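The values are calculated or read from the model by the stated rules, or taken from the named source; none is laboratory data. Every value quoted in this text rests on a predicted model; they were computed, and no experiment measured them. Neighbour counts are summed over all protein chains in view; Cβ atoms, including those assigned to glycine, are modelled from backbone coordinates with ideal geometry.
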Amino acid sequence: MEERTALEAEIIRKCLSRSELQCSFIEYRGYKTIYRRYASLFFIVGTRPDPLSIENGSGVGGENRENELGLLEFIHNLVEIMDKWAGSICELDIMYQLEEVHFILDEMVMNGFIVETCKGATLRPIDLLERESRKGEAMFK
């Protein structure tokens, strides 16, 4: 766990130290990191080498076959969905409504694979939960 925390800290430092003119892809210790900055928020997605390529011996540390542009588009789609949900997304929205943010991510990603990109389909369950919670609050007033 300490190694993972140290790796995450190193990758975050690398992303923060890059200028806006540099590309949004970093390869570090065999991991691919794709990041995007929106105002003061950084969204970072990391991938690791394909385990099958390590077992088959192709490549030194294994090949990473993730599509960088696809993941960059995923980050953009996530931010658009969060903007639609919270107005203009900021750090406070994420901090104080972390459970909802996790719920959005859970609707979009399952078992490490992107399964949903439609804004309406992603936000529909959250809208239903919010409506039901308002009904419950109204009952006790």
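Here are some notes:
- Inspection of the stretch 45-62 identifies at least one residue that is surrounded by 14 or more Cβ atoms within 10 Å (Cβ to Cβ), assigned to a helix (DSSP H, G or I) and at pLDDT below 85.
- Of all residues in the stretch 114-130, those that are over 15 Å from A86 (Cα atoms) and under 15 Å from the mean Cα position of the chain (by Cα) total 4.
- For the stretch 106-128, the tally of residues that are in a helix (DSSP H, G or I), surrounded by 11 or more Cβ atoms within 10 Å (Cβ to Cβ), free of Cβ contacts under 8 Å to residues at least 12 places away in the same chain and not acidic (D, E) stands at 1.
- Looking only at the stretch 63-79, and only at residues there that are charged (D, E, K, R) and surrounded by 13 or more Cβ atoms within 10 Å (Cβ to Cβ), the one that is modelled with the lowest pLDDT: E63
- Hits in the stretch 4-26 - residues which are free of Cβ contacts under 8 Å to residues at least 24 places away in the same chain, over 22 Å from I94 (Cβ atoms) and not in a loop (DSSP other than H, G, I, E, B): A6, E10, S17, I26
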